[in-house]
Amino acid sequence: MFGLVDAKRFDRCQPPEQRVHSLAPGCGTVVVLGSGGRALARDLSRQVAPEVTPALAEQHAWHRSCHIAALLQGEGFPCRAVALDLGSRLPLGRLGEAAGFGTVSPVSGMLLHPEFGPWLRLRAALLIDGYPFGEIQDASIADGFHPCCNCARPCLAACPAQAHDGRGQSDLGRCASHRHAGGCETGCCSRAACPLGSEHRDDAGEFAHSHAFHLPKLQRWFGLGVWRIVPTFLRQGR
């Protein structure tokens, strides 16, 4: 999955610390790269290794993103790749929404795709100087895609940490503390409860493995466990 975002138009709707230009002042074009459903894992299992771990998938996606950035650099377009993960300064859901990947849920804050539902992952962003592909049209589908309007909101009831406020905001620190204490070991209950795109959900083993893979990142970011003695600016790379 990929989509184009006009960096200047995007930044007008974001707080100063989350703007693209705080990372790349000359950026005009953002190429957002992602994957939907189980397609990436299945391709890797055929081409690279029978057992695809979240670490392998993340590494593969990052290498491909850097390769694309290098090709653009070689063509004379200043470009840098930025990983879209917990440490990213960019608002992931809003960036995916601007790229046309879906709508940020006004209930849970999850990015929801019309086909894949919450079963998509943003992998990287390519920050390119100027507009090498010409004028970028607004790709957002949020005006016409409202999956949560007539929903019973099972995502809220399913979250044992009560991390979602029902108005699109989520307390990630509360989620991290719950998971650090041993909760939600087999996967995100809110994500699993969403009825949208359920046919694309991860296999049980992959879901649990992926969920566990990201726990150390949460622990580091929020200073849990051994990270509690490490200053915030070192934990969060600021």
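Worth a mention:
- Between 0 and 90°, nearest 10: helix 204-222 axis offset from the chain longest Cα axis: 80
- Gyration tensor (Cα) of region 154-226, equivalent ellipsoid semi-axes in angstrom: 21, 17, 9
- Cα gyration tensor shape for region 35-134, rounded if a/c is under 1.5, else prolate or oblate: oblate
- Amide H contacts of S105 (H built 1.01 Å from N, under 5 Å, at least 5 apart or other chain): M110, L111, L112
- Gain on full stretching of the segment that runs from R174 to Q59 - 0.36 nm per residue minus C-alpha separation: 38.6 nm
- Computed [θ] at 222 nm, deg cm²/dmol, the chain (DSSP H ≥ 4; -39,500 (n - 2.57); rounded to nearest 500): -10000 deg cm²/dmol
- Antiparallel %, DSSP beta bridges [both residues in the chain], to 5: 95
- Between A212 and Q236, the FRET efficiency estimated from the beta carbon spacing at R0 = 22 angstrom works out to 0.55.
- Of L122, A181, A98, farthest towards positive along the dipole that unit charges on Lys, Arg, Asp, Glu beta carbons give the chain: A181
The numbers here are math on the coordinates, done by the rules we state, and not lab data. Because the structure is a prediction, the values reported are computed rather than measured. In this analysis, Cβ positions are derived from the backbone assuming ideal geometry, glycine residues included, and neighbour counts consider all displayed protein chains.
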